[in-house]
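The values are calculated or read from the model by the stated rules, or taken from the named source; none is laboratory data. Nothing here was measured: the structure is a model prediction, and the numbers come from that model. We work out accessible area using only protein heavy atoms, side chains counted, and drop any ligands, DNA or RNA first. Shrake-Rupley method; radii C 1.70, N 1.55, O 1.52, S 1.80 Å.
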Amino acid sequence: MEIKEGIRCAVNGASECVSQLAIAITTVVFNRTALALTGEDGIAAVSIIMYLQFLFIGLYFGYSMGIAPLLSHGYGQGNIQVCRKLERYSYRFFAVAPPLLYGLASLSAPLAVSCFAQRGTAVWTLALEGMRLYGLGYLVAGLNIFTAIRLTSYGKGHWSAVVTLLRSFLLLIVFLLWLPKVWGMAGLWLAMPLAEMITIAASVGLNQSTTRSIHKKNQNIVPGDPVTE
C-alpha cells in the first residue's frame, strides 16, 4: 500500500518533473539559436529575458501555488462548493492580471533591461525588443500555469503533465526550431507566446472535462468524508 501511494504521489508530481527537465533543455535551444543569429549579444539578451521572466511569471506561480492547498483540502473533504468558489475567484484573477502584467512589462522594459545592459548597446536593443515580444506570452501563460497546478491539486497529475509538456517543451521546441528561420530574433522571442496560446485550447478543454468529472464525483459526498479514487 505504501509503495502504491508513493507511486501515485510521484505520478501526481509528473508536471513539476516535466517542467524542470523542459527548462534545462529549452534553455540550451534558446541559447544556441540566439548564438547562431546574433552571436554573444543574443545569448546575453536571452539571459536578461529569462531573468525578467521569473520576476513577472512568478506572480502566476505564486497565486496558483498559494491557492492549491485550499483546492486540495476542499476536494479531499468533499466540499465542492468551496472548490467552485475558489475557481471562480481564480478565473477572475486570470482575466484581470495578465493585461496589467503585460502592460507593466512593456512600460518597464527600458528600465528593467537597463539593469543588465547599458542603454543603446546591441544587447540592450535586442533585450528591449525581446521583452515586448516575449512578454506577449504573459497574456495567456497564467491560465496554463493555473490549470497545471489546479489539476495536480485534484490528483490529476498526469493531465497536469500534458499541459506542462505542451507549453514548456513540445510546442516551444517546435517554434524555437522553426520561427527563427523565418523571422530571425523576432521568431525566437515569439516562440514562447505562440506555445502558450496554442496550449490554451488544451487547458480550457481539460478544465472543462475535469471539472465535470470532479463535481459529478463529489456531488453526493457529505463534506468531511474523504474522497476516494
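As a fraction of the 1.4 Å probe accessible area of the stretch 143-210, surface on carbon and sulfur atoms comes out at 78 percent. Heavy-atom accessible area with a 1.4 Å probe sorts 158, 73, largest first, into 73, 158.
D for the stretch 1-45, whole µm²/s, Stokes-Einstein with Kirkwood Rh over alpha-carbon pairs at 37 °C and 0.692 mPa s: what number? Write down the numbers at each step before the final one.
Values: Rh = 12.7 Å.
Answer from the Stokes-Einstein relation: 259 µm²/s.
Only protein heavy atoms count here; under a 1.4 Å probe, residue 131 has an accessible surface of about 0 Å². Ligands, DNA and RNA excluded, the heavy atoms of residue 214 present near 0 Å² of accessible surface to a 1.4 Å solvent probe. Normalised by 2.2 N^0.38 Å, with N the number of residues, the alpha-carbon radius of gyration of the stretch 17-73 equals 1.50.
Counting Cα-Cα pairs of the stretch 58-104 in 5 Å increments starting at 0 gives whole-percent bin shares of 5, 21, 26, 21, 14, 8, 4, 2.
A compact globular protein would have a Cα radius of gyration near 2.2 N^0.38 Å; the ratio found for the stretch 143-222 is 1.36.
Sorted by accessible area with a 1.4 angstrom probe, largest first, how do 5, 40, 87 fall? Walk me through the intermediate numbers first.
Values: 5 75, 40 155, 87 10 Å².
Largest accessible area first, the list is 40, 5, 87.
Where the centroid of each part is defined by its Cα atoms, how far is the stretch 1-72 from the stretch 137-152 in Å? Between the Cα centre of the stretch 1-72 and that of the stretch 137-152, the gap is 12 Å. Of 54, 116, 94, the order by accessible heavy-atom surface (1.4 Å probe, DNA, RNA and ligands excluded), from most exposed downward, is 54, 116, 94. P(r) tail for the stretch 69-180: Cα pairs beyond 23 Å make up 49% of the total.
Can you tell me the relative contact order of the stretch 60-167? Whole percent, Cα pairs under 8 Å, sequence separation 6 or more. Answer for the stretch 60-167 is 34 percent.
For the stretch 1-154, the spread of Cα positions along the three principal axes, ordered from largest to smallest, is 58, 36, 19 Å. Surface exposure of the chain, expressed per residue as accessible area with a 1.4 Å probe, stands at 50 Å². Its Cα gyration tensor gives the stretch 105-154 an equivalent ellipsoid, and the semi-axes of that ellipsoid, as √(5λ) in whole Å with the largest first, are 31, 9, 8.
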